[in-house]
Every structure is written in structure tokens, then in C-alpha cells.
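Rule-based calculations on the coordinates, nothing more; no lab input. In this text, all values refer to a predicted model and were calculated from it rather than measured experimentally. Because the Cβ atoms are built from the backbone with ideal geometry, glycine has one as well, and the counts that use them run over all protein chains shown.
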Amino acid sequence: MTAPSLSSALAGRKVLLIIGGGIAAYKALEVIRLLSKAGAETMAVLTKAGAEFVTPMSLAALTGHPVRQDLFMPDDETAMGHIELSRWADLVVVAPATAGLIAKAANGMADDLASTTLLATDKKVLLAPAMNVRMWLHPAVQANVARLKGFDGYQGMAVVGPDDGVMACGEFGPGRMAEPPVILDAIARLLAGQDGRPLTGRTAVVTAGPTFEPIDPVRGLTNRSSGKQGYAVAAALAELGAQVTLISGPVALDAPVGVTRVWVEAATEMKAAVDAALPADIAVMSAAVADWRVDGVASGKIKKAPGGPPSLALIENPDILAGVSAPGPRRPKLVVGFAAETSDLAANARAKLSRKGCDWIVGNDVSDEVFGSDGNAVTLFTRNGDEPWPRQSKTQVARKLAQRIADHFKA
């Protein structure tokens, strides 16, 4: 729910909700209900496609106002046309923001009431995208979203979500519209005078995924990290405005929106990439870096021999987290490490926090179906104490951590 410090931002404010077409349109009803409960006044613009999923009668009952649907309704043009409608609001929210509405807004198209209102408004706009995962990941949609974020100084476009999850079509991935309480929080932040991107102007380095330490041209030492949590952290920091460099080991994930990704394989490559990305304000070292590598990689495939398996001499890999945490002019202002443990989580995480010299440790018990899954239960360890967070999606964990980081810099 909305933080207590932001609740007053909603009382007496006017929010115009533009509802696009999609199964997520039903969530718009809950957004209106939450806004009304917080003391805000709402009006709704319902697109033709949106009317396939929610009814004007439902929206009118919740908002207490007639629902606007048509650009060429005489009553609207004489009393509350698209210009007056956009001026009435303190904030315009598009939920769900479909690929079509996003494309129209990004390219200045105005062929219906919703797109014309978006073009005519001089108020902040909050988009809550919702669409199929492949649509969301399509380069054209990503380019349009990036362009809208770039309009921030003029139209004040901000974006909340989307979340990961199962789609109505049965596919899984990013594209689910953010939940109504999350949208409410973003609305409150915008109306409180925050731009919804408290890390704007900050730089961040995030590592994610495993490293792969070659034994020969075929085999190697690695681990079961999927990279999902680190990728979610990079995306969450970018959502809050940070300029993020994501240094990734070998994973099967698409780069998050607005994030610069650097591919690496071995730990030595990851260290070099991290060093090149510094200095930065924030470092989140979530990668599962191999502790050891083979001393002398074979130039050809090691074949079976009568004497049994070969002996491998291992040497330690560079300690990337300790190196980033070391005092010096290039040390980030906040360094966050991760501790994946199978037992004694608190003791091991606390010891790592002290040993590595970082500021925070995010600890999780990886013995409980964490690798490759979409959920996680973590504890944030700081110098001031422990903060257990209940099991939730990795996207939610990432957003909570990103907000915690933003709050740290604000304080």
C-alpha cells in the first residue's frame, strides 16, 4: 500500500484514468477504488478495446462521473472535451497501457479520445504497461518505452511495471500489469512532487548469473544460478531512474529495458568488466561467481585414459565483491553483496558482511527451490540489523531492494 508519508498526496487530487484494451483492464477498477478510498477524485476515458473488458457503467459507478469514450461526442466537446479533460486532471494514468497506446504516445499520434488526450495534456503521465511477453520484449515496444521515458522533461512520462508472471495466453514472463497497490504508490509519489524515479542521475553496476570456468574447450566449472534475481534488480534500478550497467554471466535471459548489458563468461572477465564500469554510485553484486578456476586450461578436449580421471589443480578466483568494497576513490557509495547459503544463513551472511567490507548483504537460503525459480525469500543484513522479507516474486524482491536503495540515498 501507499507509504504513510505519501498518503496525503492523494487527498483532494484529480486523477484521469485512461483504460486500454486487455484482460488487465479489470485491475483499473481496483485502482479507482483505492484512489477513491484515499480521497482522490477520478474520471475515466475508456477506449473502444477497453470496453470489451470493462463496462462504462462499472467505471461510472466507481468514479461518480460519466465515462468518456468518443472523441466526437458533442456533449464532451462543449463541456469536457479532450483539452479540458486533460487540464482537469492533476495526473493522467494509462492502465493498462497497451502496445498500441504506447506507440501512439511515443510517436505523437492522435486518432481517438485517449491518444488525443495524451497528446494534449500538460500534466504528468504514468503508464502501466500490460501485454503479451513477446510483445513487451519486441524491439519496437522497447524503443517506444525508452522514447517516452526520454520525454520526461516535457510530458513527464513515467512507467510502473510490468511484472513477471503467467499471462492470460498461458505464456510466462514480463508483461503483467503492475498490481493496483503498486500503481497507487507510483501515483502518490508523482503527486507528492517526486518524479517516481528517485535514482535519476545515479549510476549503478549490477552483476548477475553464474560464471563459467573452462577446464578444456568442452567442459567447465559453473553453478546453477539462473540470473533471474540479478536481472530483476537491474530492471528495478532502471525503473527508478538509475543508469544501469548489467554485467552478466551466461544466462538465457533478455536484457532489461533501459539497461546496458555486458556479457562475460569467466570470473576474471567479470572482474575486468566491473572495474571498467566503475566509478558508480551503486554496486549490487548478485552474481554467483565461482570461487575457483582451473590452473591451466587444456588446449584440447581431455580424453578418458586408462589411469582414471585427471587431477585438476584449482586456484582462487579474484574476490570481486571485496575488491569493489575496498576503500578508495572508485568505491561506490553503496555496495550490496549477495549470500547464497544452504545452512546458518544469518551467521554466514553476517560473517560475509564483515569479511567483504560491503554495506549490505542480501542473504537467501538456496536449499529451498530458489535456483531457476521465480520466487525468493531473503533477508537484508545491514550494520543496523536484519530485515527478513517474506517469500515473493524475484521482481518484487528486486523492487523492494531498489526502493530501499533509493531511500538510503534520500536519507
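Ranking of Asp344, Asp185 by neighbouring Cβ atoms within 10 Å, starting from the fewest: Asp344, Asp185.
Based on the Kirkwood approach, the hydrodynamic radius assigned to segment 203-410 is 17.6 Å, with every pair of different Cα atoms included.
Most tightly packed first, judged by the mean number of other beta-carbon atoms within 10 Å of their residues, the peptides 328-334, 15-21 read 15-21, 328-334. Under 5 Å from the amide H of Lys124 lie the amide H atoms of Val92, each residue being 5 or more positions distant or on a separate chain, with H modelled from the backbone and absent for Pro and chain starts. Relative to the first principal axis of the alpha-carbon coordinates of the chain, what is the inclination of helix 345-356, with its axis defined by its Cα atoms, in degrees from 0 to 90 and to the nearest 10? Helix 345-356 sits at roughly 80 degrees to that axis. In summary, no lysines lie within cross-link reach of Lys301, defined as a Cα separation below 20 angstrom excluding same-chain residues under 8 places away.
Rounded to whole Å, give me the distance from the Cα center of segment 223-278 to that of segment 288-338. Each part reduced to its Cα centre gives a spacing of 18 Å. Computed over the chain, relative contact order equals 11 percent, with contacts defined as Cα pairs under 8 Å that lie 6+ residues apart. Considering only alpha-carbon pairs that sit under 8 angstrom and 6 or more positions apart, the relative contact order computed for segment 203-410 is 21 percent. The local environment of Ala178, defined by Cβ-Cβ distances under 12 Å, has a net charge of -3 under the rule Lys, Arg +1 and Asp, Glu -1.
With a threshold of 21 Å on the Cα-Cα distance, the over-threshold entries among Lys333/Lys356; Lys14/Lys123; Lys104/Lys124; Lys14/Lys124; Lys149/Lys394; Lys333/Lys400 are Lys149/Lys394. Put in order of Cβ neighbour count within 10 Å, fewest first, the listed residues Asp163, Asp386 become Asp386, Asp163. The orientation-averaged projected area of the convex hull spanned by the Cα atoms of the chain comes to 22.6 nm².
Note on Ser367 and Ala326: the model spin-label points, each 7 Å out from Cα along the C-beta direction, lie 3.5 nm apart.
Taking each residue as 0.36 nm, the span from Ala146 to Ala120 lengthens on full extension beyond its C-alpha to C-alpha distance by 7.3 nm. Under a 5 Å amide H cut-off, with hydrogens placed 1.01 Å from N, Ala44 pairs with Leu17, Arg68 among residues at least 5 apart or on other chains.
Positive end of the dipole of segment 203-410 (Cβ unit charges, origin at the Cα centre): among Ala339, Gln243, Val366, the Cα lying farthest that way belongs to Gln243. Neighbour counts of C-beta atoms inside 10 Å place Val218, Val297, Val206 in the sequence Val218, Val297, Val206, starting with the fewest. Of the peptides 277-290, 312-325, the ranking by mean beta-carbon count within 10 Å, highest at the top, reads 277-290, 312-325. Protection proxy ranking, highest mean first, for peptides 40-49, 347-356, 232-241: 232-241, 40-49, 347-356, where packing is the per-residue count of other beta-carbon atoms within 10 Å, averaged. Computed from Cα positions, the angle between helix 26-37 and the longest principal axis of the chain comes to roughly 70 degrees.
The calculated FRET efficiency for Asp407 paired with Asn107, based on their beta-carbon distance and R0 = 30 Å, is about 0.25.
For segment 398-411, the Karplus equation 6.51 cos²θ - 1.76 cosθ + 1.60, evaluated at θ = phi - 60°, returns couplings of 5, 5, 5, 5, 4, 5, 4, 5, 4, 5, 4, 6, 5, 5 Hz by residue, with Gly and Pro reported as x. Rounded to 0.05, the FRET efficiency of the Arg33 and Arg224 pair, given R0 = 41 Å and the Cβ-Cβ distance, is 0.45. The phi torsions of segment 262-268, fed into the Karplus equation with coefficients 6.51, -1.76 and 1.60 and a -60° offset, translate into couplings of 10, 7, 9, 10, 8, 4, 5 Hz, rounded to whole numbers, with Gly and Pro shown as x. Label separation (Ala51 vs His138): 2.5 nm, computed from points 7 Å beyond Cα along the C-beta direction.
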